Amino acid sequence: MFYWVLLILLVNGIVAFVYTVATTADPATTWGMFATTYIYFVGISQTGIVISCIMRIAKSKWGLYFGRLGEILTFSFIPVSIVMFFAIYFGGLEHLFYWAGPHAADHGPVSPWLNKNFFLWRYIVTTGLFYLISFWYFRAARSEEKGGRLGTYAGGLNVLAGFVMFFYVWANTNMAWDFGMMIIRHWESTIFPGYFWVGNIFACAPLLYIMSFKFVKRRPGRHIEEGLLDPVGKFFMGFTLTWIYMFWSQHIVIWYSDLPAKTAPIFKQMLGAFQPTFAAMLVLVFIVPFVLLLFRKIKLNYRSLYAVAIIILAGIWFNRYLMVVPVFTDGNKPVLATWMGLSLVAAGFAAMYLSVACFRRLFPKVTITTFDLATGGDALEKEHDILM
């Protein structure tokens, strides 16, 4: 029943988007909402394997509980991410990018970077190389498991993990440039790509925590191993502080320069009709998680940590929304609080769950390896059937 509900949400999202595009005189805002959905879910999905790499390089034993799920999330979502990109390329390019529209010449000469063919090929090259090196890492990690003990391929896998993160940064820098800066004339920020990556990691970790309740096998009567809750809470707190640091670094430099071409897009996100959304974003991404995670009781309770994870995911969604949608509307008409807007959000999460479920059905021999805390951290439990 759970998966039927997800399928209905996915179909509803597709129908709502297609119908709105077909019946709207100026669908730029609708495509802006779709682009928001794209950068949010594709960014999170690509970060799944990066979480695994971070845990490996840091030699985090508790991170083994989530690492393979993150890898599966990255690979299972590839078909969805490709479909979404080509929907934008063939249907939304002229609506999203001023330099791709029929009146592009009215904006004067533009950089050779702002070119339809180059837009396509830089996506193919950067994303293709990221997925290729990620697959190499994924295969090597599975070989390590088959070898019977951790550490057999540790040196080589650490090197591969470093390459995965390098190509991740490259691919997501490209995404940040295209969907964060290239939709606005003469607006750029050298800090923006890093701000974007940190947001992806900050959102992906809570999502993996939430998805682990469905996909990772647990002991009878246990919702999650108690010894995992404290480090997960600390991880959330760490990236809460890292995100606010990157947020401050991103905004203070632009504010200090006081150049209208640089500050106008930022002020549009913060003031006017978008002011409540901006305030909600700060509350959900920083203030509430920071305050709640100060309390050890909250970090050691799986329900309260689950609630914090949902709050962080909602906050990062508003953050991505403010990156894109204010470019195309003054905010006086609702975009998110519509059938189309809410349907796209629900369809994105449904697509993620269904992708992981389909991956597990198609490749049942791919194990999800969890850390067995009862043995003091020396054993791995391999699960072959985790879907109910």
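Below are the figures for this structure:
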{"read-out": "Residues (of a type in the set (Phe, Trp, Tyr) and without any contact (Cβ under 8 Å) to a residue 60 or more places away in the chain) located in the stretch 279-311", "value": "Phe286, Phe290, Phe295"}
{"read-out": "Residue within the stretch 97-117 that is at pLDDT 90 or above, within 30 Å of Pro206 (Cβ to Cβ) and surrounded by 14 or more Cβ atoms within 10 Å (Cβ to Cβ) present", "value": "no"}
{"read-out": "Only listed residue being closer than 22 Å to Ala176 by Cβ, in contact (Cβ under 8 Å) with a residue 40 or more places away in the chain and of a type outside the set (Phe, Trp, Tyr), chosen from Val325, Val356", "value": "Val325"}
{"read-out": "Residues within the stretch 298-319 that are of a type in the set (A, V, I, L, M, F, W, C) and surrounded by fewer than 20 Cβ atoms within 10 Å (Cβ to Cβ), tallied", "value": "6"}
{"read-out": "Residues located in the stretch 330-364, provided they are of a type in the set (A, V, I, L, M) and not in a helix (DSSP H, G or I)", "value": "Val335, Leu336, Ala337"}
{"read-out": "Residue ID - modelled with the lowest pLDDT, chosen from residues in the stretch 154-168 that are crowded, with 16+ Cβ neighbours inside 10 Å and within 18 Å of Lys61 (Cα to Cα)", "value": "Leu157"}
{"read-out": "Residue match in the stretch 315-329 (condition: more than 30 Å from Tyr19 (Cβ to Cβ) and assigned to a helix (DSSP H, G or I))", "value": "no"}
{"read-out": "The stretch 1-43 - residue that is among the aromatic types (Phe, Trp, Tyr) and surrounded by fewer than 17 Cβ atoms within 10 Å (Cβ to Cβ) and, of those, modelled with the lowest pLDDT", "value": "Phe2"}
{"read-out": "All positions within the stretch 281-291 that are out of contact with any Ser or Thr (no Cβ under 7 Å at 6 or more places or on another chain) and surrounded by 14 or more Cβ atoms within 10 Å (Cβ to Cβ)", "value": "Met281, Leu282, Val283, Leu284, Val285, Ile287, Val288"}
{"read-out": "Whichever residue in the stretch 224-261 is surrounded by fewer than 17 Cβ atoms within 10 Å (Cβ to Cβ) and of a type in the set (D, E, K, R) and, among such residues, is farthest from Met55 (Cα to Cα)", "value": "Asp258"}
{"read-out": "Hits in the stretch 184-197 (condition: over 17 Å from Trp255 (Cβ atoms) and crowded, with 19+ Cβ neighbours inside 10 Å)", "value": "Pro193, Phe196, Trp197"}
{"read-out": "Test: Ile266 is free of Cβ contacts under 8 Å to residues at least 24 places away in the same chain, buried (at least 17 other Cβ atoms within 10 Å of the Cβ), aliphatic (A, V, I, L, M) and part of a helix (DSSP H, G or I)", "value": "yes"}
{"read-out": "Entirely in the stretch 23-125, the helices (runs of 4 or more DSSP H) that have 3 or more residues that are without any contact (Cβ under 8 Å) to a residue 12 or more places away in the chain", "value": "78-87"}
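The values are calculated or read from the model by the stated rules, or taken from the named source; none is laboratory data. Being a predicted model, the structure only gives us computed values, none of them experimental. We place every Cβ from the backbone using ideal geometry, glycine too, and count neighbours over all the protein chains shown.
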